[in-house]
Amino acid sequence: WWSRHLAAMHSTQSEDAPIPSEAFIDEPSLTDDEIQMEVKAGEDTEQLSEMSDDADNLSVKSSSRGHFSTTLSSWYKRIAPLIRNKKVRVLTAVNFTISIVNLFIFFSAVTTLSLFLATKHQIAAIRPTDTPCFYAWGPWQRCSATCRINSREPFPIKKRKIERVVQSMGSLYAPCPKDLVVGKEQTAPCNVHVCPKPLSSFHFSNCFYYDAHVGKEHGCYKIRNIGAVDMLIKVDVTDLTVNCTREECHDFLF
């Protein structure tokens, strides 16, 4: 049939023209249909393909398992004499123990270092880097005296002590002075008056006339000689002035 078709096509081409027409070229041939029928998949094609893939996978898995078993058995044959050796077992146990101890030491060192760094970071965050010198005085003590005996006597003093000193930190501030230590004393004068003097301790002055125009006839008196002093006077008696006797009251008083 194919030869007859070629002969008819050849006769048609030879009769009409040396070049075939476009309709003849575009006409589908029987060969294409046959090829399409052969290539078209049937109902069982997918199942056969899956079965072939499964077979390939099984063969690969079986080959890998076989290779793994062979490798494992070869390693076991090499290690078996060492396992049966007593010295090897002892050395293995010692090495295992040393490894455990080394791991414990390593993790302990890492934990200690981490705690140290964390503590150092917390201290640095809480405490400022640069701080000046600080010191704190205690309260003032009582004055050594509540008053002075006279105006020529020095003032009494009071004292206080340093109770706390905090050294400077960093490079920004100068360090504390060397003599600035706990227990250092500071003195200051007490602003007190002269002690009160009893009125009875002042002596009487000379006599004076009550009436200078009359003179001795009206009598004389004398007064305590206090003077111009800046002090407190304690009034312990009431006789600021007293009368003079006739013997003390002279005709002429200066």
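Before moving on, here are some points about what is shown:
- Looking across region 210-225, just one residue is closer than 11 Å to Glu248 by Cα and of a type in the set (Phe, Trp, Tyr), and that is Tyr221.
- Cβ-Cβ distances below 6 Å connect the following pairs, each with a first residue in region 186-213 that is within 30 Å of Arg142 (Cα to Cα), a second residue that is among the basic types (Lys, Arg), and a separation of six or more residues or different chains: Gln186/Arg160; Thr187/Lys159; Ala188/Lys158; Cys190/Lys158; Val194/Arg148; Pro196/Lys234; Pro198/Lys234.
- Verdict on Ile100 being more than 21 Å from the chain's Cα centre (by Cα), without any contact (Cβ under 8 Å) to a residue 24 or more places away in the chain and not in a strand (DSSP E or B): yes
- Residue pairs whose Cβ atoms lie under 8 Å apart, separated by 6 or more positions or on different chains, with the first residue in region 113-135 and within 16 Å of Gly170 (Cα to Cα) and the second charged (D, E, K, R) and not in a helix (DSSP H, G or I), are Phe134/Arg164.
- Total residues in region 214-254, condition outside any loop (DSSP other than H, G, I, E, B), in contact with a Cys (Cβ under 9 Å, 6 or more places away or on another chain) and loosely packed, with under 11 Cβ neighbours inside 10 Å: 0
- Enumeration of residues in region 130-168 that are in contact with a Gly (Cβ under 6 Å, 6 or more places away or on another chain) and either among the hydrophobic types (A, V, I, L, M, F, W, C) or under 30 Å from Cys195 (Cα atoms) (or both): Arg160, Lys161
- Failed item, numbered, when Thr92 is tested on (1) among the polar types (S, T, N, Q); (2) surrounded by 13 or more Cβ atoms within 10 Å (Cβ to Cβ); (3) part of a loop (DSSP other than H, G, I, E, B): (3)
- Assessment of region 132-142 against the conditions (within 28 Å of the chain's Cα centre (by Cα) and outside any strand (DSSP E or B)) yields at least one matching residue.
- Candidate set: region 149-176, residues that are part of a strand (DSSP E or B) and among the charged types (D, E, K, R); chosen: the one farthest from the chain's Cα centre (by Cα): Lys158
- Test for Ile105: is it at pLDDT below 80 and either assigned to a helix (DSSP H, G or I) or surrounded by 10 or more Cβ atoms within 10 Å (Cβ to Cβ) (or both): no
- Yes/no for Lys159 being surrounded by 10 or more Cβ atoms within 10 Å (Cβ to Cβ) and of a type in the set (D, E, K, R): yes
- Checked against the criterion of being exposed (fewer than 13 other Cβ atoms within 10 Å of the Cβ), among the polar types (S, T, N, Q) and in a helix (DSSP H, G or I), the candidates Thr146, Thr129, Thr111 yield just one match: Thr111.
The values are calculated or read from the model by the stated rules, or taken from the named source; none is laboratory data. Small disclaimer: the values here were computed from a predicted structure and weren't measured. Positions of Cβ are generated from backbone atoms using ideal geometry, with glycine treated the same way; all protein chains shown enter the neighbour counts.
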